[in-house]
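The block underneath contains the structure these notes are about, expressed in structure tokens.
Each reported figure results from applying straightforward, stated rules to the coordinates on display, with no laboratory input. Everything numeric here is computed off the predicted structure, so don't read it as measured data. So basically every Cβ, Gly included, is an ideal-geometry build from the backbone, and we count neighbours across all protein chains shown.
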Amino acid sequence: MTKGEETKQFIIEKAAPIFNTKGIAATAMSDIMEATKLSKGSMYVHFENKDVLACAAVDHNMKILGNKLQAEMSKSKTAKGELFAYIDFFSNPVTPPIIGGCPLLNFGTEADDTNPVIKEKINNAIKLNQQLIQTIINRGISNKEFNPDWNYAEFATIMFAMMEGGHLISRMSGNNDKMKIIINSLKAMIEENSI
């Protein structure tokens with residue numbers, strides 16, 4: 001990495017949790033300058049405006065979240081274990097795996113009417129998550145872990161929506177009580193479709 005690339009990456013790493021916590025609209029370039037201790041001129045050498053930096057921060061948050069999730073899921077030997085690991089990874093929204101909470105929920109709710117570029121990034125990430133769940137279940141069906149008639153595409157949508165909804169409820173209430181109900185319900189659905 002060149003010195004310029006290192007500085008750009010440093011800015012993204014410092015900006016990502018700020019954007020994820022405060023939101024894009026509420027984050028000012030002065031917030032990023034304070035976190036990085038860089039001048040406005042230095043910031044604009046690497047990012048032409050806040051929107052460009054916000055897009056990079058969204059990508060960074062998603063990458064960090066995805067890497068952490070994959071690391072947890074890779075510890076499982078079975079498809080059912082991977083599904084449970086996915087669920088357990090998101091089981092504590094009050095103390096989330098990345099600073100500020102779920103970037104899909106945070107950026108998605110903010111960008112749906114305001115930022116078509118970020119909206120598309122989040123939409124693609126949602127599709128990828130549902131495809132991941134479908135792929136795991138499909139592999140489990142092939143390995144004879146799950147019932148072959150399980151509608152895994154439908155379940156992937158249900159599971160993803162319940163997890164995101166649980167995240168929202170938990171963050172708003174400041175406790176994970178409702179998320180525990182969702183987790184138990186999802187795991188029971190998986191058990192019902194296990195062989």
Q: Take each uninterrupted DSSP H stretch in the chain, measure its Cα extent along the helix axis, and return the ones at 24 Å or beyond whose mean Kyte-Doolittle hydropathy is at least -0.5.
A: 50-73, 116-142, 152-173
Q. Say each of Ser142 and Ser30 gets a label point 7 Å from the Cα, pointing the same way as Cα to Cβ; how far apart are those two points in nm?
A. 5.6
Q) Volume per residue, Å³, of the convex hull around the alpha-carbon atoms of segment 98-154? A) 93
Q) lysines within cross-link reach of Lys63: Cα-Cα under 17 Å, excluding same-chain residues under 8 positions apart? A) Lys8, Lys14, Lys119, Lys121, Lys127
Q) Helix-derived [θ] at 222 nm for the chain: sum -39500 (n - 2.57) over DSSP H runs of at least 4, divide by residue count, nearest 500? A) -24500 deg cm²/dmol
Q. Once the piece of chain linking Asp112 and Ile126 is laid out straight, how much longer is it, given 0.36 nm per residue of separation minus the C-alpha distance between them?
A. 3.7 nm
Q. Separation between the Lys68 and Glu48 pseudo-spin-labels, each 7 Å from Cα along Cα→Cβ, expressed in nm?
A. 3.3
Q) With springs only between Cα atoms under 10 Å, which of Asn184, Asn61, Asn20 fluctuates most in a Gaussian network model of the chain? A) Asn184
Q) Given the Cα-Cα distance of Glu154 and Ser173 and 0.36 nm per residue of separation, how much length would full extension add, in nm? A) 4.0 nm
Q: Would you mind working out the magnitude of the charge dipole of the chain relative to its Cα centre, with +1 at each Lys and Arg C-beta and -1 at each Asp and Glu C-beta, to the nearest 20 Debye?
A: 420
Q: Just rank Phe84, Phe107, fewest to most, by other beta-carbon atoms within 10 angstrom.
A: Phe84, Phe107
Q. Quick one, which of (1) 55, 45, 27; (2) 61, 38, 28; (3) 70, 35, 27 is the actual Cα extents along the principal axes in Å calculated for this model?
A. (2)
**Q.** Pairwise label distance in nanometres, Ile195 with Glu6, each label 7 Å out on the Cα-Cβ vector
**A.** 5.5
